[in-house]
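Please read the structure below before turning to the comments.
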Amino acid sequence: MKKIKFSKTSSEQILELVNHNIRIEGNFLKVIDTSDNPDLEKYVKESIEKDIETRKKRLEITRQVQTQNKELVEWKEKNEQAQIDLKKALEESNKAKAIAEKAKLNAEEDLDFIVKKNQNELVNKIVSTSLVVILGVGFITSILYFYTIVTGNENQIIESSWANMFSILLTNSFSIIGTIMGVKHMQSTNDAKKKR
């Protein structure tokens, strides 16, 4: 490789750069002819050493940056995978919650149906039993009353019992109807509240 020889003035100007804390770098140092100028030779040697040291530092910084970039890329990939996993888990949780809510609603509907069925059966039993008792008492009292009329043996107790029995029958029939309507109204109110 051909070396470049600088004039004394140029060499002095190059050496003047040291006073300004400036050094020549790179391949240019390899082509400077320093054979007849020991100060320039010293400057070039020091500049080459500093250039090598600077290049090592730059290379180390570049390696650190590359390592950090690699770590950041890995972290980003892990973070994205964690977000995907979290999203899947959230979707599964929402599905499970929806299934549980649906099962709860089905159980509540089944319970309401059973309660209504039991209430209706109870009301039917009460009404049937009441009607049998009322009709039985009314029938027996009526037979006794008609027997006293036919035989001509008037009995004040049977006559008053017969009159009282019909007033009681009328009162009880209204009471039974009121109870049934109250139960139906309560059921419809509870149904309306649950639908809200």
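Before moving on, here are some points about what is shown:
- Conditions (1) over 25 Å from the mean Cα position of the chain (by Cα); (2) under 30 Å from residue 184 (Cβ atoms); (3) touching a residue at least 24 places away in the same chain (Cβ under 8 Å); number of the one not met by residue 108: (1)
- No other residue among 58, 23, 63 is surrounded by 10 or more Cβ atoms within 10 Å (Cβ to Cβ) and not in a helix (DSSP H, G or I) apart from 23.
- Residue in the range 56-68 that is within 28 Å of the chain's Cα centre (by Cα) and of a type in the set (Lys, Arg) present: no
- Residue 126 among the hydrophobic types (A, V, I, L, M, F, W, C) and either in contact (Cβ under 8 Å) with a residue 40 or more places away in the chain or touching a Gly at 6+ places or on another chain (Cβ under 8 Å) (or both): yes
Readers should treat all values here as calculations from the given coordinates under stated rules, not as data from a laboratory. What you see is a predicted model, and the numbers here were worked out from it, not measured in a lab. Cβ atoms come from the backbone with ideal geometry, glycine included; neighbour counts cover every protein chain shown.
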